[in-house]
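Beneath this line is the structure, given in structure tokens, with notes to follow.
The values are calculated or read from the model by the stated rules, or taken from the named source; none is laboratory data. Because the structure is a prediction, the values reported are computed rather than measured. Note that we place each Cβ from the backbone using ideal geometry, even for glycine, and neighbour counts take in every protein chain shown.
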Amino acid sequence: MNRPASISPSSAALPETAPQARSFLGHPLGLSTLFFIEMWERFSYYGMRAFLILFMTAAVAKRGLGLDTQTAGAVYGLFTSGAYLCSLPGGWLADRLLGQRHAVLWGGALICIGNLMLAIPAGLALFYGGLAVIALGTGLLKTNSTVIVGQLYQGASDSRRDAGFSIFYLGINLGAFLAPFVAGTLAEEVGYRWGFAAAGCAMLLGLAQYRLTKGWLGDAGLLPAASSAAERRRSRVLLFVGVALLGLLAAGAAAGWWSIDPRRLAQKMEWVLALIAVGFFAAVLLLGRLTVAERRHVAVIVLFFVSAAIFWAGYEQAGTTLNLFARDQTDRSLFGRFFATGLHPVTWYQSIAPLFVLLLAPVFAWIWVALGRRKLEPSGPTKLGLGLLQLGGSFLLMMLAAQLVVGSGHKAAPGWLVATYFLQTTGELCLSPIGLSNVSKLAPARLAGQLMGVWLLSISIGDLVAGLIGGEIGSGSVAAMPAQFLQMAWVGLISGAVLLAIARPVRRWMASA
Ligand code: GLN
């Protein structure tokens, strides 16, 4: 927690306008440091996420955990949801005590340690502990690396800043794209523990480059924002209490004082997260002393929040429902002769969505600009509605694929999953960046950080639901799948249609000043 008292002049941030000797794709050199730490972190996260449910549901004889699919789905949901939820304490800790730069370092170290714990075959307690440590580390690292990106562009024009974030987003998806080929293939072909080890090593590589190139960040993210000594003291006490509670919880679980039932915990957690969201919005709307216009803006954010939570609940099933569909119901004989099982790895399908993001993000950016020039660019709520419609469409495709499997008795061609991921990615590109930028624009300035946190909460809720749905579908028979996929298609299509229908009044509320 020690912070250097001063920063050497040689590492001071280069002013935006000064001619820079070296740059990263025309941006401050510090963006490269952040691009790569985020790339390796996402490599680590998506690498292990790709086979997490496969590992949990594989028989013990096949060096898996032998959990039933419903329990595995719940654990998956709790872990991925927890990783996003930990962004809130992660951001708080950096603001109050650590500063973003050190928070990233601590986060990375926790991710390495967590993956190491998962790589050691020593029972469920160590496994759950490892997942918890990774979730904490992810909350510390991902939030704060993103915050530092923003700090590189203080005073810069909006378009330059947006371009910086787009490059950063490419780093995220580059890591997510590459990881399944390495960590996933290792896990499936050599052993799951090797996959976790690979995820840990990836994070270590990221940390090494971060340490080596930290000078490029100048003083961005070096010091915590909170100033007064009393405030810091209070924060330290809170941190101590939090860590002690976590320690107690872990010690109790390890000693067998209480047992964890992931399914019940996940179901309770759904309520807890929903209550947090409702309580938060109620407090802001009722007690926030908002002007009429501000109240309307917050109401629009509530609408975006609900839409986003629905979207992520479908989209995040990539790691559960669709992953299990790839394992059990998809014809994986293509390139099969290169593998001992005669089938290509299941985890490869996890690379499809990030690949589409890499290919399509520039196309979408161009489409919006081109439409904007003709004054035809759809409004925020319209884009969100389109995103949900595409999600609904993707589950219609899954319904057809499942029907085909049921009707023919043969496995589905890989093209079904590819097309499903394509629609989900185009949906993501309509919804995710647009939701994020609209929240940051609409949020009353004094609530900006908290409302951003609530956006992350929507992903957290979505992940939890995705885990539970995946566990449910995965544990049923393939005959039940068409109806289940149809249900999800309806949710996407109906919520998308509602958004499109109310887009006009929503736009008026957004514009009211
Ligand atoms: N793929 C992106 C990331 O990992 C976004 C995921 C999400 O927002 N649910 O950062």
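Return the total of residues in the range 161-214 being under 17 Å from S432 (Cβ atoms) and of a type in the set (V, I, T).
Within the range 161-214, residues that are under 17 Å from S432 (Cβ atoms) and of a type in the set (V, I, T) number 2.
Going through L141, L131, L170 one at a time, which residue ends up being without any contact (Cβ under 8 Å) to a residue 60 or more places away in the chain and under 16 Å from the mean Cα position of the chain (by Cα)?
When all the criteria are applied, what remains is L131.
Anything in the range 153-169 that is more than 11 Å from the ligand (Cβ to nearest atom) and either of a type in the set (S, T, Y) or modelled with pLDDT of 90 or more (or both)? List them, or say none.
Y153, S157, S159, S166, I167 - these are the residues of the range 153-169 that are more than 11 Å from the ligand (Cβ to nearest atom) and either of a type in the set (S, T, Y) or modelled with pLDDT of 90 or more (or both).
So is K375 within 21 Å of N173 (Cβ to Cβ) and among the charged types (D, E, K, R) or not?
no
Residues in the range 122-142: is at least one within 16 Å of the ligand (Cβ to nearest atom) and over 19 Å from G242 (Cα atoms)?
Scanning the range 122-142, I find at least one residue that is within 16 Å of the ligand (Cβ to nearest atom) and over 19 Å from G242 (Cα atoms), so the answer is yes.
Can you list residue pairs whose Cβ atoms sit under 9 Å apart, with the first residue in the range 34-49 being more than 15 Å from Y169 (Cβ to Cβ) and modelled with pLDDT under 95 and the second being in a helix (DSSP H, G or I) and within 12 Å of the ligand (Cβ to nearest atom)? Count only pairs 6 or more apart in sequence or on different chains.
Sorted first by the residue in the range 34-49, then by its partner, the list stays empty.
For G114, state whether it is over 18 Å from W194 (Cα atoms) and either crowded, with 24+ Cβ neighbours inside 10 Å or in contact (Cβ under 8 Å) with a residue 40 or more places away in the chain (or both).
The answer is no for G114.
Of all residues in the range 336-346, which are within 21 Å of L52 (Cβ to Cβ) and either of a type in the set (A, V, I, L, M) or touching a Ser or Thr at 6+ places or on another chain (Cβ under 7 Å) (or both)?
Matches in the range 336-346: L343, P345, V346.
Taking G279 as the residue in question, decide whether it is exposed (fewer than 11 other Cβ atoms within 10 Å of the Cβ), in a helix (DSSP H, G or I) and either within 16 Å of the ligand (Cβ to nearest atom) or of a type outside the set (A, V, I, L, M, F, W, C) (or both).
In short, yes.
For (1) at pLDDT 95 or above; (2) of a type in the set (S, T, N, Q); (3) part of a helix (DSSP H, G or I), each residue gets a yes or a no:
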{"residue": "Q450", "(1), (2), (3)": "no, yes, yes"}
{"residue": "V454", "(1), (2), (3)": "no, no, yes"}
{"residue": "A483", "(1), (2), (3)": "yes, no, yes"}
{"residue": "L486", "(1), (2), (3)": "yes, no, yes"}
{"residue": "G492", "(1), (2), (3)": "yes, no, yes"}
{"residue": "S495", "(1), (2), (3)": "yes, yes, yes"}
{"residue": "L499", "(1), (2), (3)": "yes, no, yes"}
{"residue": "I502", "(1), (2), (3)": "yes, no, yes"}
{"residue": "R507", "(1), (2), (3)": "no, no, yes"}
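Just the residues that are within 16 Å of the ligand (Cβ to nearest atom) and surrounded by fewer than 21 Cβ atoms within 10 Å (Cβ to Cβ), please, taken from the range 175-197.
L178
Just the residues that are under 28 Å from F165 (Cβ atoms) and touching a residue at least 60 places away in the same chain (Cβ under 8 Å), please, taken from the range 398-431.
V418, T420, Y421, F422, Q424, T425, T426, G427, E428, L429, C430, L431
Please go through the range 431-486 and pick out each residue that is buried (at least 21 other Cβ atoms within 10 Å of the Cβ), more than 16 Å from the ligand (Cβ to nearest atom) and of a type in the set (G, A, S).
A443, G471, G474
Somewhere in the range 296-305, is a residue within 18 Å of L456 (Cβ to Cβ), within 16 Å of the ligand (Cβ to nearest atom) and touching an Asp or Glu at 6+ places or on another chain (Cβ under 9 Å)?
No, that holds for no residue.
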